[in-house]
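To keep things clear, I will list the structure first and then write my remarks on it.
The values are calculated or read from the model by the stated rules, or taken from the named source; none is laboratory data. Only a predicted model underlies this, so the values are computations on that prediction, with no experimental measurement involved. Every residue, glycine among them, receives a Cβ derived from its backbone with ideal geometry; neighbour counts consider all protein chains shown. All accessible areas refer to the heavy atoms of the entire protein, side chains included, with ligands and DNA or RNA removed. Shrake-Rupley method; radii C 1.70, N 1.55, O 1.52, S 1.80 Å.
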Amino acid sequence: IDIDTEVGRGSAFRIYLLRYVGPAQRPRVQAAPPARRGRETVLLVEDEPAILRLGKTMLESLGYRVLAAGTPGEAIDLARSHDAEIDLLITDVIMPEMDGRDLAGRILQLHPDIRRLFISGYAPDVIAHRGVLDANVHFIQKPFTRNDLAEKVREALGNDA
């Protein structure tokens with residue numbers, strides 16, 4: 001590294017690197033493993049409309065039946081009116097009407113066997129510190145890929161089907 005400085009004129013930095021004379025190599029890109037698919041019914045609750053649409057699309061492309069709700073109140077109404085089993089609740093943690101933990105408690109009263117997966121843009125330790133999320137719950141942080149979501153959903157459902 002060579003530096004030249006002149007008062008009133010500025011500085012010039014020159015960095016000299018060794019020249020590589022070997023053959024050019026392209027980095028290998030590993031293909032992501034195929035996402036695991038399912039057949040279960042999922043209740044997805046997200047107050048951000050774009051994320052709700054994207055999550056619904058991702059889950060449906062993985063084979064899940066999706067009940068989508070933009071608010072906790074709408075989710076409770078869907079859970080109350082849905083006659084069949086709902087296998088999994090995927091809910092944002094921080095929402096205007098009530099937080100995800102309280103919503104999960106209300107949904108559990110209607111569907112006692114429902115599994116839960118929480119999502120948030122906040123880091124898990126921040127949410128735990130605020131007392132909104134208990135330790136050892138299923139959690140995925142936004143943003144996430146389709147494959148990340150597929151893995152977390154299968155994990156929350158407790159099987160590899």
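With the whole protein complex present, PHE139 retains an accessible surface near 30 Å², based on a 1.4 Å probe.
Positive end of the dipole of the chain (Cβ unit charges, origin at the Cα centre): among LEU103, LEU62, GLY22, the Cα lying farthest that way belongs to GLY22. Here P(r) over Cα pairs in 5 Å bins from 0, in percent was calculated from the structure, and among (1) 2, 8, 14, 17, 17, 16, 14, 9, 3, 0; (2) 2, 9, 16, 20, 17, 12, 7, 5, 4, 3, 2, 2, 1, 0, 0; (3) 1, 8, 16, 17, 15, 9, 4, 3, 4, 5, 6, 5, 4, 2, 1, 0 it sits at label (3). The mean sequence distance of close C-alpha pairs (under 8 Å, at least 6 residues apart), as a share of the length of the chain, puts its relative contact order at 20 percent.
Mean-square fluctuations from a GNM of the chain, with a 10 angstrom spring cutoff on Cα atoms, peak among ILE119, ILE15, ILE51 at ILE15. The angle between the Cα long axis of helix 100-110 and the longest principal axis of the Cα atoms of the chain comes to about 30 degrees, rounded to the nearest 10. Computed extension length for SER81-ILE94: 2.3 nm, one decimal, from 0.36 nm per residue of separation with the Cα-Cα distance subtracted. Give the shape of the range 1-95 as rounded, prolate or oblate, defined through the alpha-carbon gyration tensor: a ≥ b ≥ c are the square roots of its eigenvalues, a/c under 1.5 means rounded, and otherwise the shape is prolate if a/b is larger than b/c and oblate if not. Cα axes put the range 1-95 in the oblate bin.
Put a dot 7 Å past the Cα of ARG19, heading toward its Cβ, do the same for GLN109, and the two dots end up 7.6 nm apart.
So, R0 is 35 Å and r is the distance between the beta-carbons of ASP102 and ARG28; what FRET efficiency does that work out to, to 0.05?
Details: r = 47 Å, r/R0 = 1.34.
Approximately 0.15, to the nearest 0.05.
When nucleic acids and ligands are ignored and a 1.4 Å probe is applied, GLU155 ends up with an accessible area of around 90 Å².
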